[in-house]
1. Mind giving me the nanometre distance, one decimal, between the label points for W90 and A146, set 7 Å out from Cα along Cα→Cβ?
2. Quick one, could you list the DSSP H helices from the chain stretching 24 Å or more along their long axis (Cα atoms) with average Kyte-Doolittle hydropathy of -1.0 or above?
3. Apply 1/(1 + (r/R0)^6) to the Cβ-Cβ distance of R187 and E63, taking R0 = 35 Å, and write down the FRET efficiency to the nearest 0.05.
4. Report, in deg cm²/dmol and to the nearest 500, the calculated mean residue ellipticity at 222 nm for the chain, where each DSSP H run with n ≥ 4 adds -39500 (n - 2.57) and the sum is divided by the residue count.
5. Ratio of Rg to Rh for region 52-187, alpha carbon only, Kirkwood?
6. With the contact rule set at Cα under 8 Å and sequence spacing of 6 or more, what percent relative contact order holds for the chain?
7. With a Förster radius of 35 Å, plug the Cβ-Cβ distance of A34 and A173 into 1/(1 + (r/R0)^6) and report the FRET value to the nearest 0.05.
8. Quick one: what does P(r) look like for region 1-105 with 10 Å bins over all Cα pairs, in whole %?
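No lab work stands behind these numbers, since they all come straight from the coordinates. Quantities reported herein were computed from a predicted structural model and do not represent experimental measurements. Counting neighbours? That spans all protein chains shown, and the Cβs are built from the backbone with ideal geometry, glycine included.
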Amino acid sequence: MAMVAGMNQERTWNWLRAAGWTAAALLLALPLVAMRFTSDVDWTLRDFVVMGALLGGSGLVLELATRKAPNLLHRLGVTAAVATSCLLVWVNLAVGFLGDEGNPANLMFLGVIGVAAMGAIVARSRPLAMAHAMLLAAGAQVIAGAVGFAAGWSSPGAQGIYEVVRGTSLFSALWLASAALFWKAGR
């Protein structure tokens, strides 16, 4: 019975992997299609290369990190962490977390991803330790947002408050979702 359940989980995961790679390809093709219909989207070859590297690199990390995951919840926790990291880089490249995409203060958010990555290395893929690593990443996200706002690196006035609170809340929630999945996987 346990073998049948394991086979069903593996089939489900294979289907999710295929859907993930397909979604990445479609996501990369979306600006190409949009450029045919509107002048508001204007990507260069460099934009496509950078986004392809980001999506491909994230997919590769996901493939390697989930290869030895003990169960589906653990794999979903890894997926949430990698997707959050990818999205954080994407937001900072596209519009910037603090101010605009050219603000060097946005590089501070690479440190949040560094906390998650180092935590994952130290955790050695143990689910409860991974949950703690993602909790640290959520805390680092809050600290980075607070430091950026306090230092005046965000947009001025109410817009700055809005972007920091909104962005910090969203990304902290994503890190916490990953932590919850790891926690549940370890129980």
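1. Spacing of the two 7 Å Cα→Cβ label points: 2.9 nm.
2. Length and hydropathy pass: 2-37, 45-66, 72-94, 127-150, 157-186.
3. Calculated transfer efficiency: 0.85.
4. So the helix-based figure for the chain works out to -28500 deg cm²/dmol.
5. Expressed as Rg/Rh, it is 1.00.
6. 23
7. With R0 = 35 Å, the Cβ-Cβ based efficiency is 0.80.
8. Final binned percentages: 13, 36, 29, 15, 6, 1.
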